Amino acid sequence: MKNNDRTWVEIHLDTYRANIEALKCFLSPDQSFMQIVKADAYGHGALEIAEQALALGARFLGVANSEEGRLLRLQGITAPILVLSPSLETEIASLIDYDLTPTISSWGFAIAMEDHLHHRGKQMPYHLKLDTGMHRSGLSRQEFYKFIEQISKLTELKLEGVLSHYAASENDPDFSREQEECFFELISSIKPQPSFIHLANSSALINGLASCGNLVRLGILSYGIYTHPQQRSLIDLQPVMQFKSRVSLIKDIEKGETCGYNRLWMAEHDTRYALIPAGYADGYDYLLGNRAEVSIGEHCFPVIGKISMDMITAEIGDKPVSVGDEVCLMGGAALQTHAENLVAGYNGSSYELLCQLGRRARRYYYLNGQLCSSSPLSRRDFVPADFSDSKLNSIIEAAVLQRLDSSEIGSIVYREMLSSLFFDKDSDIHYRKGFRHSIKLIEGDSPLHYEVETELSYRKVLDSEYFIVACAQSETALQAYLKRKDVEYRWLMDDNFEINPDSFIVSSIKVNELRLSTVSRHKNGCLELRCSHPELNTLLGKEVDFVINTRTIYPRKSHQMSIFITELTKGISLSFSYPEDWTGVECIPIFSGQNRYPKITRSGNIIELSTSPEEWIFPLSGVVFAY
Ligand SMILES: *Cc1c(COP(=O)(O)O)cnc(C)c1O
C-alpha cells in the first residue's frame, strides 16, 4: 500500500476473523462470546471490531464505561453492550438513554439506578459482578447472599447475568481453579438462574477455565497477542494490528561514537543506522530503547539508543535499506515485533502497548485482503473531507439522535440544524461543490429597478430527471421553496413588482453539455420553471455540472443585496458586480462552517468572496452587499 503517512496503523480484519474462528473452537456448543471492545478495542477501533464480532456471532460487546458504549450507539451499533467497570451515578442517565447494561456490585449504585428507572418508567437488565479472588470490584462471598436477596426486590432492575473475573488465568491454574469453584458455588444459589453466566476471559478459554457459564469474554487473544509463551502450542493466532513507518534518513556512524540522548548506545565498529519517524509520542514505548527490534524487508534490526519523542534509530549495518523503505514496528510476520515479545524486553504490558500505539496515526482497515476504510488522523475532530456522503449521512443522523445533548460539540449542532432544516433523514445528502454565484447589477433604463444578470454554477449529484427554478413573490413563498427538494434555484422578487415572463427570465440552463428546456407556470403569484431534458435520466446518480443563467430586476429603493447558501456546500465563490460609478459598497459575510471568514477581494466594481475548494460551508451562510 502506498500512502503519504509518516506512521500508520494497519488493522487486518481478516486476521481478526481468523483469530475468532480459532477461539470459537474452544467454546462448548452452549457457549457464545462477548467481544471486549473497551479502550477502542485495545486500540484497534471499537466500531470496526464490533461490526466484525457481531457478524461472527458475538452476543454482547463489552466496554469499559458508558461513554464508550454511547459512542458505539451513536455509530449505529444496536447489539447488547455490557459496561464492565462499575459505573458512576453520573453515568446513569447515559446508561438508560443508550441502553447500556451496567455491571453492578454496589447497593448505592443499584438503588440510584432503580430510582432513575422508576422516574423514567423503564426497566433494564443488569449483570451482577462477584469477587472470587481478584479483589478489585465485585461482591465478596460475605456480601453476596444478603445483596442478592435485597436487589431481587427491586422492580425496575432485572438480573440478566452474573460474572466474575480471573486474576491470573494465563499463569496461575491453581488459583484460577479456586476462583472457578467459588464462582460456581455462589451462582448455584441464585434462583432462577440468570440468562448469562460468565467468568472466563480469552486466556481462561484456551486454558480450560471456561467450563462454568455460557458466555466467554474475548479480549487480547482475539487481537492475536499471546499472554503466555505456552499458548502458542494451543492455538494459532496472528496479530491484527501492525504499526508501520518508513525510513526517513540513513547515516553512517563511526566506531566509538554514540547515538541518541544520554549517549546510551555506542558503535562497536563503523556501521550505519536508519532514522525512523516514530517515537514515544506515537506510543512506541520509551522503555523500548536499546531493547526492541524493527523489521525492514526481510530483516530485523536492533533499535539503538533511547527512544525520542518523534524518532527512533535502528542499526542497519551493511544491509540494503533505503530511505522510504517500509518499517514494521509492531505486528507483522517477524516474531520479534509481536507485542508480547516487544514488552518482554522491559517487563511491560502488551495490553498497554496496543492501547497506546499509533495514537497520532491514521488507521487503515483491511478486509478480504483489500483496504476497506481508514479512520481520520485525529479521531476526535470532525474532518469532513474524511467522510463519504453516506458516512456524513450517518453522522448527521446520529446528531439528530443527539438532539437533547447538543451542547457537546459545536459542529454537531450545525449538522443537526442542517439535517432538520434541509434534508430528509433517510435520503442521501448530496452537497454542492465548487459553488459559484455571480450577480451583476446593471443601471438600465427603468426609474424603479436595476437590471440583474445572475450566473450560478456548481457540481452536484443529479437525483431527479427534472428540477425547478422558482421566482417567489413573498418571503413565505420563498421559505416554501427552500423546503422543496426539487427546487435548485430561487429568486425573491420585490413585492412591488409583478412577476411576469419579462421580469424573470432563465436565459440558459445547462447540466453538463445538455441545454435544458423550461416550461413555466404561474402559481399563487410565483413563477416556477420546470427544467428538463430527455437525456437527463442518463445522468441520474452521477455528479454533474449545473450552470443556470437568469435575467431579472431589482428595486432601486433597496440598498442591499443578499445571497444565501441553502445547501451544504464545499467551496464557494460569490461575486457582486455593481454600476461603475458606485462607491462605498460594503460586504458583510455571515458564514458558518469550517471557515467563517472567507477571502474578500475587490477589483474595480466587483467584490468577490471565496473559500478554498475544500472548505465546507453550512446552510444559512451568506453575504449581504450594502450600498
Ligand atoms: C478486559 C476484560 C476482559 C478481556 O480480557 P482479555 O484478557 O483481554 O481476554 C474480560 N473481562 C473483563 C471483565 C475485562 O475487563
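Things worth noting here:
- Of all residues in segment 551-588, those satisfying the criterion of being assigned to a strand (DSSP E or B), in contact with a Leu (Cβ under 9 Å, 6 or more places away or on another chain) and closer than 22 Å to Thr611 by Cβ are Met561, Ile563, Phe564, Ile572, Ser573, Leu574, Ser575, Phe576, Ser577, Cys587.
- If you check Leu539, Leu568, Leu609 for being touching a Cys at 6+ places or on another chain (Cβ under 9 Å), surrounded by 15 or more Cβ atoms within 10 Å (Cβ to Cβ) and farther than 17 Å from Glu443 by Cβ, only one passes: Leu609.
- Cys212 being at pLDDT below 95 and touching a strand residue (DSSP E or B) at 6+ places or on another chain (Cβ under 9 Å): yes
- When Leu275 is tested against (1) within 14 Å of the ligand (Cβ to nearest atom); (2) of a type in the set (A, V, I, L, M); (3) assigned to a strand (DSSP E or B), just one condition goes unmet, and that condition is (1).
- Scan of segment 151-187 for residues that are over 30 Å from Ile111 (Cβ atoms) and assigned to a helix (DSSP H, G or I), ordered by number: Pro173, Asp174, Phe175, Ser176, Arg177, Glu178, Glu180, Glu181
- Only listed residue being touching a helix residue (DSSP H, G or I) at 6+ places or on another chain (Cβ under 7 Å) and either in a loop (DSSP other than H, G, I, E, B) or closer than 21 Å to Leu288 by Cα (or both), chosen from Ile225, Ile197, Ile250: Ile225
- Some residue of segment 593-605 being surrounded by fewer than 20 Cβ atoms within 10 Å (Cβ to Cβ) and among the hydrophobic types (A, V, I, L, M, F, W, C): yes
- The strands (runs of 3 or more DSSP E) located wholly in segment 1-118 that include 2 or more residues which are within 16 Å of the ligand (Cβ to nearest atom) and crowded, with 18+ Cβ neighbours inside 10 Å occupy 32-36, 60-63, 81-83, 100-104.
- Matching entry among Lys191, Lys153 (being surrounded by fewer than 22 Cβ atoms within 10 Å (Cβ to Cβ), more than 21 Å from Leu27 (Cα to Cα), among the charged types (D, E, K, R) and modelled with pLDDT under 95): Lys191
- Residue in segment 537-550 that is outside any loop (DSSP other than H, G, I, E, B), in contact with a Ser or Thr (Cβ under 9 Å, 6 or more places away or on another chain) and of a type in the set (Asp, Glu) present: yes
- The one condition in (1) buried (at least 20 other Cβ atoms within 10 Å of the Cβ); (2) more than 22 Å from Gly332 (Cβ to Cβ); (3) of a type in the set (Ser, Thr, Tyr) that Ser211 fails to fulfil: (1)
- Only one of the numbered conditions (1) surrounded by fewer than 20 Cβ atoms within 10 Å (Cβ to Cβ); (2) at pLDDT 85 or above; (3) hydroxyl-bearing (Ser, Thr, Tyr) is violated by Thr552, and that is (1).
- Check on Glu178, in contact (Cβ under 8 Å) with a residue 12 or more places away in the chain, within 19 Å of Leu82 (Cα to Cα) and away from the ligand (no atom under 11 Å from the Cβ): no
- The set of residues in segment 53-68 that are modelled with pLDDT of 95 or more and more than 25 Å from Ala22 (Cβ to Cβ) comprises Ala64, Asn65, Ser66.
- Among residues of segment 332-359, those that are out of contact with any Gly (no Cβ under 8 Å at 6 or more places or on another chain) and part of a loop (DSSP other than H, G, I, E, B), counted: 8
- Flag set for Leu215, criterion: in contact (Cβ under 8 Å) with a residue 60 or more places away in the chain, out of contact with any helix residue (DSSP H, G or I) (no Cβ under 8 Å at 6 or more places or on another chain), within 14 Å of the ligand (Cβ to nearest atom) and among the aliphatic types (A, V, I, L, M).
One line per residue, one yes/no per condition, for (1) under 22 Å from Arg359 (Cβ atoms); (2) surrounded by fewer than 21 Cβ atoms within 10 Å (Cβ to Cβ); (3) within 16 Å of the ligand (Cβ to nearest atom); (4) among the β-branched types (Val, Ile, Thr):
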residue: Ser222; (1), (2), (3), (4): yes, no, yes, no
residue: Ile225; (1), (2), (3), (4): yes, no, yes, yes
residue: Lys244; (1), (2), (3), (4): yes, no, no, no
residue: Lys251; (1), (2), (3), (4): no, yes, no, no
residue: Ala267; (1), (2), (3), (4): no, yes, no, no
residue: Thr271; (1), (2), (3), (4): no, yes, no, yes
residue: Gly283; (1), (2), (3), (4): yes, no, no, no
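The values are calculated or read from the model by the stated rules, or taken from the named source; none is laboratory data. Since the structure is predicted, the reported quantities are computational estimates derived from the model, not experimental observations. Positions of Cβ are backbone-derived with ideal geometry, glycine not excepted, and every protein chain shown enters the neighbour counts.
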